[in-house]
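A quick write-up on the structure given underneath.
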Protein chains: 2
Amino acid sequence: MMEYIYERIYSIGRNSVTMTRTTVTDDHVIYEFAPDMDAVRTVQPGDSLEVHTRDSLDGDVQTEADLVSEVPEEVNAATGPIAVAGATPGDVLAVTIEDIRLREDRGRVLVMPGFGLQQGDERTDAPRTRITEIEDGSLRFNDREIEVDPLIGTIGVAPAETSYSTLVPHDHGGNLDTSDVSAGATVYFPVFQPGGLLAMGDSKAAMADGEVCGTGVEIGTEIDVTVDHVPDPAVSLDRPVVETETAWKTIASAETIEEACEAANRDLCRLLERAEGFDFTDAYMFSSLVGDLEVSQVVDPLLTVRNAVPKERLNNPLVE
Amino acid sequence: MMEYIYERIYSIGRNSVTMTRTTVTDDHVIYEFAPDMDAVRTVQPGDSLEVHTRDSLDGDVQTEADLVSEVPEEVNAATGPIAVAGATPGDVLAVTIEDIRLREDRGRVLVMPGFGLQQGDERTDAPRTRITEIEDGSLRFNDREIEVDPLIGTIGVAPAETSYSTLVPHDHGGNLDTSDVSAGATVYFPVFQPGGLLAMGDSKAAMADGEVCGTGVEIGTEIDVTVDHVPDPAVSLDRPVVETETAWKTIASAETIEEACEAANRDLCRLLERAEGFDFTDAYMFSSLVGDLEVSQVVDPLLTVRNAVPKERLNNPLVE
């Protein structure tokens, strides 16, 4: 398989600090997060990357006549995997998303039979494809303008034991379809395998919490990220956590939303215990008053929610 | 049962418009929304009321030594019911919440055995009560200050056929525990019985989306509302809808969150069809891009979610 990786020199910021950003192209993608993946590239902690991603349907849908009658076996191509030197099981991998740029001037929204929240409603006309032209930071759905607000749908690391298709979200990340996984956020993953083995793809130009019809605006992107690892974190992670500008949010996926809520809240209580000195029950009560349970997606084979707490309520739980 | 209802003259607004606000005290409460309730009071469409509510535990919990070992049979006392003259099955009842004032200088947060998201976790120490002192618009949970942000937990109308305890949310409203049901919002209910028969209570001084531990900060309140009815609405409602400053949100409750999501989204698609001219499938796709699925509560006998769409995306669907 061809690997096409090169480096570019970027001038970043007001002070024209020159930094090297390694480009990882989408010539090498995975459709499964497996424990024993081979890294396409090894980078150093603190390295900045530009990761090119394909749209979730590998470019197969270009017009509204391109209908998809079932979820393809290979979907959500994730570029990578990228090893981070020194990342060791038990560590935490930190992925800071600096920018997500669209690689196409249009995206696609799909309804597929047997997929999505209203698949059982007789008024749902599936398959259907809508192409959304994009111009000047807004996209057009029918005659409505929607602001472009990109996010990464699938992002994760090599799992502990089981392999997961890139359609599935789980403790390793994967198809989280979480709107907070966007520019300005840092996503933390448990490291299950040496190097962590990060891969990402399935970006959306826009998506509402829930992803109810089964997709957002699917699109290829160039993603600027900086990867780092937190050795010996003050608290070990069982599942991903996202740090936004204003909040810490635990993320959990499970067969039912109830189970996902329970896990995300349990994780949040643990962070509050660790960093804020509450006992478990007080942390639990506090989380009933402050922060919110939020829906990521309700359409994938496992369902994903997050539990937020404002940053002023929770010190960074990963460091002492 | 004693009814103590009186009227006060209020001076409201910059222009000192004098209006009459009818006070409905908490001497008459219900613990069940039934189809055949007797109104405690009949008001006219457009009337403004001040509704006094008890805390959800009827004042039984005043110190941290007051532990509650199971959810009481009578809980969430709802003041009313109040009939709105002329409201007829098929109409919509509109309840605009102008203000929610606390009647107490402290509230209570509870964990009860067999109730709440972490009831199965061995670290959950139940029963536990935390009293939160309130001063200058903030409440104290242990040593943390939390801004007071009151909401109405239980609000609804007489159901169509089945009676529901005030612990249960359903199509008539009831124990919705929805953070948007707060000052500035208008809640719309289907009218199932003549007069609508509105009742409300179970206010919280603060509550996060999810209400994970089973309660917010439970507290007695005085609620200023204006009630109105929309005869022959342009779209009939099967369930409550809330209009906030920025969004329309459908609200649905069901045995699983998945079912609640499906119903809330189906309702939203109907509103988008009706008011925006989308067909069902395009409305469904649009709702996957704009607005969010949101969690109200995941702890009551039925679970409640809402599906939002920004107001600039949806014209008032109730009027032509």
Taking a point 7 Å out from Cα toward Cβ as the label site, list the nm distances between B:PRO301 and the same residue in every other copy, smallest first.
3.7
Copy-to-copy label separations for A:GLU245, where each label sits 7 Å from Cα toward Cβ, in nm and ascending
1.8
Ordered by packing density, taken as the mean number of other Cβ atoms within 10 Å over each peptide's residues, highest first, how do B:114-124, A:262-272 rank?
A:262-272, B:114-124
Can you pull the mean other chain C-beta count within 10 Å for peptide B:252-265?
3
Calculated label separations, A:ASP36, copies of the chain, 7 Å along the beta-carbon direction, nm:
7.1
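Per residue of A:291-301, what is the mean number of Cβ atoms on other protein chains within 10 angstrom of that residue's Cβ? Let's see the in-between values first.
Numbers: counts 4, 8, 13, 6, 9, 1, 2, 7, 2, 0, 0.
Shielding by partners across A:291-301 averages 5.
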Taking B:58-66, A:302-310 and ranking on average Cβ neighbours within 10 Å, highest first, one gets A:302-310, B:58-66
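What FRET efficiency, computed as 1/(1 + (r/R0)^6) with R0 = 30 Å and r the Cβ-Cβ distance, is obtained for B:ASP136 and A:GLU320, rounded to the nearest 0.05?
That pair, B:ASP136 with A:GLU320, gives E of 0.30.
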Extension gain from B:ASP36 to B:ASP105, taking 0.36 nm per residue of separation minus the Cα-Cα distance:
21.2 nm
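How well do other chains shield peptide B:114-125, expressed as the mean number of their Cβ atoms within 10 Å of each residue Cβ? All intermediate terms of the calculation are to be shown ahead of the outcome.
Values: counts 0, 0, 4, 13, 11, 1, 2, 7, 1, 9, 6, 5.
That works out to 5 on average.
For chain B, give me the percentage of DSSP beta bridges that are antiparallel, rounded to the nearest 5 percent.
On the way: 78 of 86 bridges.
About 90 percent, rounded to the nearest 5.
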Near the axis that takes chain A to chain B, which A residue has its beta carbon closest, and at how many Å?
A:ILE257, 2
Kirkwood hydrodynamic radius of the stretch B:142-209 from all distinct Cα pairs, in Å?
12.9
With θ set to phi - 60° and the Karplus curve 6.51 cos²θ - 1.76 cosθ + 1.60, what are the ³J(HN,Hα) couplings of the stretch B:295-306 in order, to the nearest whole Hz, using x for Gly and Pro?
8, 8, 8, 10, 10, 7, x, 10, 9, 10, 10, 9
Give me, ordered by chain and number, the residues 5 or more places off A:VAL43 or on other chains with an amide H under 5 Å from its own placed amide H.
A:ALA83, A:VAL84, A:ALA85
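Quickly rank B:93-102, B:128-137 as a protection proxy: mean count of other C-beta atoms within 10 Å, highest first. The partial results should precede the final answer.
Numbers: B:93-102: 20.9, B:128-137: 16.1.
The most tightly packed comes first, giving B:93-102, B:128-137.
At a temperature of 10 °C and a viscosity of 1.306 mPa s, determine how fast the protein assembly as shown diffuses translationally according to Stokes-Einstein, using the Kirkwood radius over alpha-carbon pairs as Rh; express D in µm²/s, rounded to the nearest whole number. Each step should come with its number before you reach the end.
Values: Rh = 25.6 Å.
Once the numbers are plugged in, D ends up at 62 µm²/s.
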R0 = 60 Å: FRET efficiency of B:ASP232 with A:GLU64, Cβ-based, nearest 0.05?
0.95
Based on C-alpha coordinates, I'd like the Rg and Dmax of the stretch B:191-247, in Å.
14.9, 40
Principal axis dimensions, the stretch B:5-233 - Cα atoms, whole angstrom, descending
53, 44, 28
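Read-outs: derived from the displayed coordinates by stated rules, not from any lab. In this text, all values refer to a predicted model and were calculated from it rather than measured experimentally. Heads up, the Cβs are rebuilt from the backbone with ideal geometry, glycines too, and the neighbour counts pull from every protein chain shown.
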